[in-house]
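Q: I'd like to ask you about the structure that follows.
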Amino acid sequence: MGGLVGEGKGKAVLRACGCAVAGLFLIAGCTTDGTPKGGAASGSPGTSATPSGTGASGTGGNGASAPAAGPSSSARVAMPPVDESKQPKTAAEARDLLGRSTVAERDLGPEVVRSTPYESGPGRWPVLDESCVWQTEGLPDDVLATSTRHFHIPAGDGRGRVRINATVTVHRNREESGWETARAMEEVLRCPEQKRREGEDLKSLWGGAFYLGEQMNEWTEDAFTETGDYVSEQDGGPYPYTWSQAQFGPVTVAIAAKGAQGVTNDDLTVYVAHGTGQMMIQAKQELGKAAG
């Protein structure tokens with residue numbers, strides 16, 4: 001892990017760049033629990049996404065969307081304590097939780113469809129090697145199960161195909177899920193240029209994170225986001241790329257989005273923020289203690 005993370009998970013130096021997380025939810029017009037204001041975005045990439053039931057969101061000189069009407073208090077899910085009795089103890093229990101915590105295409109927007117292949121198996125794990133190339137390996141000891149679903153928004157209306165991945169990982173305990181975020185922070189410092197697979201690269205990566213209570217983070221125990229450029233032999237580029245991860249107890253959830261021609265980073269942010277927030281709500285409902 002090295003000294004970048006420091007004691008425990010520590011106040012890593014990357015948190016100085018944590019404004020990326022605040023910007024992620026400000027641009028998307030989200031509440032502080034990670035849910036988009038006014039519900040799911042109805043616009044498609046390349047257009048101004050206007051949440052259903054709200055007025056149009058203008059864009060100011062700082063690039064942030066003008067405030068939209070927020071959801072009712074019933075749409076907000078506070079940070080409950082984790083109910084240890086609900087926490088998965090076996091791989092089978094973890095795989096069952098995966099299915100109840102991740103998102104489907106309808107949760108991301110009406111224009112989002114499944115990709116092929118759709119869902120990865122729960123027994124493989126991505127690892128960034130010393131050469132900054134992503135590999136897949138068997139699950140480490142601290143992970144009970146993980147799964148990634150693949151979606152896309154078909155090309156059309158002057159823009160290219162947008163790719164979206166949603167990942168849920170169930171660790172054995174909260175400490176190990178926290179270390180997953182710490183490793184992500186270290187990886188972006190170590191490898192600002194990464195190879196996803198042959199013919200597909202991520203460039204100029206930077207990121208930041210906030211613990212619960214820091215800046216705008218009132219919706220997850222630890223929030224991390226990473227942005228940069230996506231380049232591929234198939235799709236061209238560079239195009240915007242963004243990835244957001246959140247933690248609740250032993251669970252981490254993440255959304256990654258790769259842009260295309262005619263798609264801005266702000267367009268991607270709507271889907272990333274909405275998907276991550278939705279999965280966090282589901283994780284809290286599955287593992288949180290009931291009120292009273």
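A short reminder: the numbers here are calculations on the coordinates, not readings from a lab. All values reported here derive from a predicted model rather than from experimental measurement. Positions of Cβ are generated from backbone atoms using ideal geometry, with glycine treated the same way; all protein chains shown enter the neighbour counts.
Q: Looking only at region 153-179, count how many residues are among the charged types (D, E, K, R) and farther than 19 Å from residue 287 by Cα.
A: 4
Q: On to the next question. Scan region 242-258 and tell me whether some residue there is among the hydrophobic types (A, V, I, L, M, F, W, C), without any contact (Cβ under 8 Å) to a residue 40 or more places away in the chain and surrounded by fewer than 22 Cβ atoms within 10 Å (Cβ to Cβ).
A: No, there is no match, as no residue in region 242-258 is among the hydrophobic types (A, V, I, L, M, F, W, C), without any contact (Cβ under 8 Å) to a residue 40 or more places away in the chain and surrounded by fewer than 22 Cβ atoms within 10 Å (Cβ to Cβ).
Q: What about residue 92, is it of a type in the set (Gly, Ala, Ser), assigned to a strand (DSSP E or B) and either within 20 Å of residue 279 (Cα to Cα) or without any contact (Cβ under 8 Å) to a residue 40 or more places away in the chain (or both)? Before you say what the answer is, go through the steps one by one.
A: On the way: of a type in the set (Gly, Ala, Ser): yes; assigned to a strand (DSSP E or B): no; either within 20 Å of residue 279 (Cα to Cα) or without any contact (Cβ under 8 Å) to a residue 40 or more places away in the chain (or both): yes.
The answer is no for residue 92.
Q: Within region 161-210, which residues are aromatic (Phe, Trp, Tyr) and either closer than 30 Å to residue 110 by Cβ or part of a strand (DSSP E or B) (or both)?
A: Filtering region 161-210 for residues aromatic (Phe, Trp, Tyr) gives 179, 206, 210.
Residues satisfying the conditions are 206, 210.
Q: Same structure again: Looking at region 132-153 only, could you name the residues that are part of a loop (DSSP other than H, G, I, E, B) and touching a residue at least 40 places away in the same chain (Cβ under 8 Å)?
A: The one that is part of a loop (DSSP other than H, G, I, E, B) and touching a residue at least 40 places away in the same chain (Cβ under 8 Å): 132.
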